[in-house]
1. Calculate how many DSSP beta bridges within chain A are antiparallel, expressed in % of all such bridges and rounded to the nearest 5.
2. Using a/c under 1.5 as the rounded threshold, could you call the stretch A:73-228 rounded, prolate or oblate? The axes a ≥ b ≥ c are square roots of the C-alpha gyration tensor eigenvalues, and prolate needs a/b larger than b/c, oblate otherwise.
3. Excluding residue B:217 itself, calculate the net charge of residues whose Cβ lies under 12 Å from the Cβ of residue B:217, where each Lys or Arg counts +1 and each Asp or Glu counts -1.
4. Multiplying the sequence separation of residue A:81 and residue A:200 by 0.36 nm and subtracting their Cα-Cα distance, what value in nm do you get?
5. Once the piece of chain linking residue B:251 and residue B:148 is laid out straight, how much longer is it, given 0.36 nm per residue of separation minus the C-alpha distance between them?
6. With the dipole of the stretch B:95-167 worked out from charges on the C-beta (+1 for Lys and Arg, -1 for Asp and Glu) around the Cα centre, which of B:95, B:135, B:147 lies farthest toward the positive end?
7. GluC sites (Glu not before Pro), restricted to the stretch B:46-139: which are DSSP loop and have at most 13 other Cβ atoms within 10 Å?
8. What FRET efficiency do you get for residue B:3 and residue A:64 if R0 is 60 Å and r is their Cβ-Cβ distance, rounded to the nearest 0.05?
Amino acid sequence: MTAFLEIENLSASLKRQRVRMLRSVSLSVAAGEVHGLVGESGAGKSMIGKAVLGILPAALAIDEGEIRLDGEDLLAMRPADRRRAIGAKAALIPQDPLTALNPSHCIGPQITGRLVDILGWDKRKADMRARELLAEVNIDDPDRVMASYPFELSGGMRQRVLIASAFAANPKLIVADEPTTALDVTVQKQILKLIREMQARHGTAMLFVTHDLGVVSKICQRLSVLYAGKVLEQATIAEFFADPKHAYSRALLAATPKYTDPGSSLVPVDSSVTDLVAAEIEAVDEGWRLAR
Amino acid sequence: MFKVSGLDLALPDRVNRPLIGKAPEIQILKGLTFDISSGEVIGIVGGSGSGKSTLGRTLLRLYEPTAGTVSFEGRDITHLSEAELRPLRRRMQMVFQDPMSSLNPRRPIGAIIADPLALHGLDGISARVDRALDHVGLPNALRHRYPHELSGGQRQRVGIARAIAMEPDFILADEIVSGLDVSSQAQVLNLLENLVDELGLTLAFISHDLSVIRRLCSRVMVLYRGEIVELAPVEQIFDAPKAAYTRELLDAIPLPDPNQKNW
Ligand SMILES: Nc1ncnc2c1ncn2[C@@H]1O[C@H](COP(=O)(O)OP(=O)(O)OP(=O)(O)O)[C@@H](O)[C@H]1O
Ligand SMILES: Nc1ncnc2c1ncn2[C@@H]1O[C@H](COP(=O)(O)OP(=O)(O)OP(=O)(O)O)[C@@H](O)[C@H]1O
Ligand SMILES: [Mg+2]
Ligand SMILES: [Mg+2]
């Protein structure tokens, strides 16, 4: 398998401040593969996705590294070419479903717009495809949803709309940023299945950002564990859950609740472990402060 | 604290509105009857679109019920006007599902928390903001940042800080920890537990995460398509669920195990 997305030694920091957000991150995702990015809030999971899609916040600068999409070095391209390359091949399922949708437009055109703009489809064909996609994400009444404004939909419905629209233009890479957090577990289960099917059918590569190790174990083939912008461990799912190598990974797993086990309660990740990891990172990356 | 009986809520169905005349209505909540006692933590679970958020908004009288009654501390608030509701508003706070959209993008975090305090004429605002940030585990330096400069989890905690800064009696929390990692979840849940214990806060907690519900709530309401299918103590929900839908919910929880059955 050749990698569809390759990130090599990517470092990014806050401009004019010596605060590192990503530290020599390397990872690759093959076509048809789902790669999980896990870690606590603020670890830089979304940043990696944003860097890949060329939408890093203006306050951040990439210090070094390469991002190759389908063999093309994105960072070496002119911005306009980069936007075109990314727009044609990649899509995002964003973390915040309400803000990602334009509140003053109906849902329909927000899905079909991509098809018309990117693929040059005519409006009728785009409309039919949008309805099909909404039905695929288990929306009971696609017509009503297409004609609704975002505020008229429940949180989970909005999230499904965004999943449908990410798949609309058949992208080769999808960055899914916490795509199921607003869903109840039964819908989440259906959607994870669906993402797996759609992604396998189309050979889509996926970066799957989540803090939920239960979800990761169901959808990903490989994962990277992040802390303070650094990849601490990379493994296949089977390896990771059978034998997590890094002390932080073990602490994270230990802190994950299991409802089946009544004794298990929600506890924070052991701070003696995180203090140690933070000290290690700071010692290696001398002079660069941790983001947290 | 709350007594709800025969609560119906219908919203106009704009989409299927005829050219002339009134829009037909979609029935969203159907005959809900339940109580919430003072100091209790009640969990509300149910499928996407089942009406959880709508129920929350109706309790807080952001929507006016179409039928039935809602009373708050013995007072019927079903059809109170906005002016009559105003003194009650500070005492009932809601923390929203979508953190980004409920935070003003043009205001720094400190102001986002301070504004409603000023609106209600409270004093010592700066100190209240400090305390609220500290409560939710956000560093004080964050008060000068804007919402888009925070991670998703940090934004969610700002929403909680804004609600608790008002020192309300009742908080309705709508999916507030689903975007958080385990450490921040544990921290927020500890915080909510403490507020319930120390301040006698009453909490309605909407979540689809049953591990969280188990940890936090004493009673659980299961909603399915606008109706209550089960309302029982938390142990019963987990150990001997009565409704088929409750069992379905339990079976769909992904455990951190790649070999889990039926997945
Ligand atoms: N525009 C910005 N300016 C400055 N700092 C930012 C900006 N956006 C994010 N950050 C910081 O960058 C760090 C990484 O953020 P990121 O959004 O990648 O976290 P995450 O791992 O996705 O967390 P979560 O699970 O909470 O979404 C955080 O410390 C955050 O506060
Ligand atoms: N303002 C509105 N106008 C019309 N219909 C609405 C409005 N708000 C909500 N609805 C509809 O009411 C139903 C219940 O929505 P609600 O937001 O209460 O669901 P929920 O249980 O909170 O779901 P989720 O878990 O996905 O957030 C949905 O079918 C939704 O489309
Ligand atoms: Mg994120
Ligand atoms: Mg909701």
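Laboratory data are not the source of any read-out in this text; all were calculated from the coordinates shown. Predicted model only: the values in this text are computed from it and were never measured. Cβ: placed from backbone, ideal geometry, glycine included. Neighbour counts: every protein chain shown.
1. Numbers: 24 of 42 bridges.
Around 55 percent of the beta bridges assigned by DSSP in chain A are antiparallel ones.
2. Details: a/c = 1.62, a/b = 1.08, b/c = 1.50.
Since a/c reaches 1.5 but b/c is at least a/b, the shape of the stretch A:73-228 is classed as oblate.
3. Working: positive: B:214, B:215, B:219; negative: B:40, B:193, B:209, B:235.
Result for the local shell: -1.
4. Numbers: separation 119, 0.36 × 119 = 42.84 nm, distance 2.84 nm.
Full extension from residue A:81 to residue A:200 adds 40.0 nm.
5. Details: separation 103, 0.36 × 103 = 37.08 nm, distance 3.65 nm.
The residue B:251-residue B:148 span can extend by a further 33.4 nm.
6. Of the listed residues, the answer is B:147.
7. Working: sites: B:73, B:82, B:84; in loops: B:73.
Sites meeting the loop and neighbour criteria: B:73.
8. E between residue B:3 and residue A:64, to the nearest 0.05, is 0.45.
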